[in-house]
Amino acid sequence: MSTAITNGIRVNVTTVYVPSQSMPSARRYVFAYTIRISNEGTETAQLRTRHWIITDGNGKVEEVRGPGVVGQQPILRPGEHFEYTSGCVLETPRGSMRGTYQMYPTSGGPAFDAEIAPFTLAMPHSLN
């Protein structure tokens, strides 16, 4: 599990290997990750965009940018949270992800990048 807090926005990540969708003989390893974004601050903020940096076990890096998460741009009031599950496919049994969510305070304050701390994607019992 990884956790980061930026300006009162806490991002927790848990991961799981998905053997039913993976095919190691074809270099296809599927992982699911669940993210919980909690507003522990005092200002309401909206998640507008995401930026992921995905690194496989061979050091190959892929960057993904886009609007929102799972088709949504959630607004989080103080004390609220938003949780979703998504997935990642790698060509290696191990890798990692990290990134940011661009958050916009609804008060009109400056936007900021909420950190998503690095987390490992790993097939059980795999060695890099």
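Can we say Thr34 is surrounded by fewer than 13 Cβ atoms within 10 Å (Cβ to Cβ) and either touching a residue at least 24 places away in the same chain (Cβ under 8 Å) or β-branched (Val, Ile, Thr) (or both)? Against the criterion (surrounded by fewer than 13 Cβ atoms within 10 Å (Cβ to Cβ) and either touching a residue at least 24 places away in the same chain (Cβ under 8 Å) or β-branched (Val, Ile, Thr) (or both)), Thr34 does not qualify.
Considering only residues that are small (Gly, Ala, Ser) and over 19 Å from Glu91 (Cβ atoms), which ones fall in region 1-54? Lay out the reasoning, then the answer.
Step one: filter region 1-54 for residues small (Gly, Ala, Ser), giving 2, 4, 8, 20, 22, 25-26, 32, 38, 41, 45.
Passing the criteria: Ser2, Ala4, Gly8, Ser38, Gly41, Ala45.
How many residues, within region 62-94, are among the acidic types (Asp, Glu), in contact (Cβ under 8 Å) with a residue 24 or more places away in the chain and part of a strand (DSSP E or B)? Qualifying residue count for the region: 1. Confirm whether Met103 is more than 15 Å from Ser2 (Cα to Cα) and at pLDDT 95 or above. In short, yes. Sort out which residues of region 60-70 are closer than 12 Å to Leu47 by Cβ and either in contact with a Ser or Thr (Cβ under 6 Å, 6 or more places away or on another chain) or loosely packed, with under 13 Cβ neighbours inside 10 Å (or both), and write them in order of number. Listed by number, the residues that qualify are Gly66, Pro67, Val70.
Considering region 37-47, the residues that are in contact (Cβ under 8 Å) with a residue 40 or more places away in the chain and over 14 Å from the mean Cα position of the chain (by Cα) include one that is farthest from Tyr104 (Cα to Cα), namely Asn39.
Does Met97 qualify as being among the hydrophobic types (A, V, I, L, M, F, W, C), assigned to a strand (DSSP E or B), farther than 21 Å from Met1 by Cα and in contact (Cβ under 8 Å) with a residue 24 or more places away in the chain?
Against the criterion (among the hydrophobic types (A, V, I, L, M, F, W, C), assigned to a strand (DSSP E or B), farther than 21 Å from Met1 by Cα and in contact (Cβ under 8 Å) with a residue 24 or more places away in the chain), Met97 does not qualify.
The values are calculated or read from the model by the stated rules, or taken from the named source; none is laboratory data. Note that this is a predicted model, so its numbers are computed, not measured. When we count neighbours, we look across all protein chains shown, and the Cβ atoms used for this are built from the backbone with ideal geometry, even at glycine.
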